[in-house]
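Here's the structure, in structure tokens; my notes come after.
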Amino acid sequence: MIGEMKIPSRRRALITGAAGFAGSHLAEMLLADADLEVWGCYHRTPIPSLPTLAHLQSAPCDMRDAESVRRLLADVQPNWIFHLAGQSDVGGSWGSAWDTIESNVHGQLNVLEALAQLGLDARVLVVGSNNEYGLVRPADLPLDEDTPLRPDSPYGVSKIAQDMLGLQFFLSHGVRVVRARCFNYIGPRQSPNFVTSTFAKQIAEIEAGRREPVVRVGNLAAERDFTDVRDMVRAQRMALEFGADGEVYNIGSGRSIAIQRLLDILLSYSSCPIRVEPDAARMRPSDVPRSVCDATKFRAATGWQAHIPIEQTLRDVLDYWRQTIANPETVLDSPDAPAGLATHD
């Protein structure tokens, strides 16, 4: 047991997957609110030791263990649950399809069943993905919530299952679920399995003399709707505050940008000349040419807008990798994985 808990005087927010990319940024934002007590659970990866997370209440929990999840919710008694735990690497899901589906669906099922069993009146954010729309056609753009779901990756299938599972528990058990289909988000601290982070990491390593002056890339023609992670976690909080129970909302900037353009901006910030070479290992079995979000429904419900320019986001990502590589204790020595275009970590 985590320990005996008194009836909270403040609202309690619980973040599953708080050690991850989006989870840690969400925790930082929520901790700035004096009216919230913020909890984060983690499994294999510890929560980052950041000064901004010093007041985060943390607890270990294997989301695939139903009893562990039930104990966590019974002890914390949250008012808000941000369910971010799971596998987020789209590209990697082809090589580990069942692990992706089992990890993402089983963990969420345990959360929803525990809420129903305990009778907790908590609001739950189910974090879905633009990958639920999958193989989109030009006529579908921009993508709204009524666009047909045509998943073209195991990851996309897993996110549809999470989305529909959230709806089912709202309809059949009255669990207060809000569903968010979040389009691509990027920013500092993201894994190098993701496209902007792997570009920035390679550039920072080149600047530090740790690799030859070549950035290896996958498909640069694809266009995606990118949002800074700090804007995205603000949207996720607003979804739970102002979204309607049972509803689904697309969240994204409403504009698309080519991967080539992201790379060009990052290269313009570099202090040395760098070549670009294609790498077959970074190509996907299927890749949608263009994706752009219609967030009209979400903006109408919450008033949210993305504020951080893509140029600032990319500079922050590159500076993060420069600082990380300059610090020998935090250098990542593992080889780069093929860069994905997944939505969150």
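The values are calculated or read from the model by the stated rules, or taken from the named source; none is laboratory data. Because the structure is a prediction, the values reported are computed rather than measured. Virtual Cβ from ideal backbone geometry, glycine too; neighbours counted across all protein chains shown. What goes into the accessible areas is simple: the full protein's heavy atoms, side chains included, and nothing from ligands, DNA or RNA. Shrake-Rupley method; radii C 1.70, N 1.55, O 1.52, S 1.80 Å.
When the range 45-90 is filtered for residues that are over 14 Å from residue 19 (Cβ atoms), among the charged types (D, E, K, R) and in contact with a Ser or Thr (Cβ under 6 Å, 6 or more places away or on another chain), nothing remains. Just the residues that are open to solvent by 30 Å² or more (accessible area, probe 1.4 Å) and part of a helix (DSSP H, G or I), please, taken from the range 252-275. 260, 261, 264, 267, 268, listed by residue number. Among the residues of the range 63-72, the ones that are assigned to a helix (DSSP H, G or I) and surrounded by fewer than 16 Cβ atoms within 10 Å (Cβ to Cβ) come to 1 in all. Could we say that residue 75 is part of a helix (DSSP H, G or I), modelled with pLDDT of 95 or more, among the acidic types (Asp, Glu) and open to solvent by less than 40 Å² (accessible area, probe 1.4 Å) here? The answer is yes for residue 75.
The set of residues from the range 276-308 being more than 30 Å from residue 148 (Cβ to Cβ), surrounded by 14 or more Cβ atoms within 10 Å (Cβ to Cβ) and at pLDDT 95 or above comprises 276, 308. Scanning for something touching a Ser or Thr at 6+ places or on another chain (Cβ under 7 Å), open to solvent by 10 Å² or more (accessible area, probe 1.4 Å) and among the charged types (D, E, K, R), does the range 22-44 turn up at least one residue? Looking for residues that are touching a Ser or Thr at 6+ places or on another chain (Cβ under 7 Å), open to solvent by 10 Å² or more (accessible area, probe 1.4 Å) and among the charged types (D, E, K, R), one finds at least one in the range 22-44, hence yes. Residue 215 satisfies every condition listed in (1) under 25 Å from residue 276 (Cβ atoms); (2) within 14 Å of the chain's Cα centre (by Cα); (3) surrounded by 21 or more Cβ atoms within 10 Å (Cβ to Cβ) except (2). In the range 78-118, of all residues being over 21 Å from residue 13 (Cβ atoms) and in contact with a strand residue (DSSP E or B) (Cβ under 7 Å, 6 or more places away or on another chain), the one that is least open to solvent (accessible area, probe 1.4 Å) corresponds to 90.
The single condition among (1) assigned to a loop (DSSP other than H, G, I, E, B); (2) over 23 Å from residue 88 (Cβ atoms) that residue 152 does not satisfy is (2).
Counting the residues of the range 177-204 that are hydrophobic (A, V, I, L, M, F, W, C), closer than 30 Å to residue 318 by Cβ and assigned to a strand (DSSP E or B) gives 4. Annotation for the range 166-176: no member residue is in contact with a Ser or Thr (Cβ under 6 Å, 6 or more places away or on another chain) and either assigned to a helix (DSSP H, G or I) or open to solvent by 30 Å² or more (accessible area, probe 1.4 Å) (or both). Looking only at the range 234-272, filter to residues that are in contact (Cβ under 8 Å) with a residue 40 or more places away in the chain and basic (Lys, Arg); which one of those is nearest to residue 292 (Cα to Cα)? Across the range 234-272, the extreme among qualifying residues is 234.
Screening residue 206 against (1) crowded, with 22+ Cβ neighbours inside 10 Å; (2) modelled with pLDDT of 95 or more; (3) not small (Gly, Ala, Ser) leaves a single unmet condition, (1).
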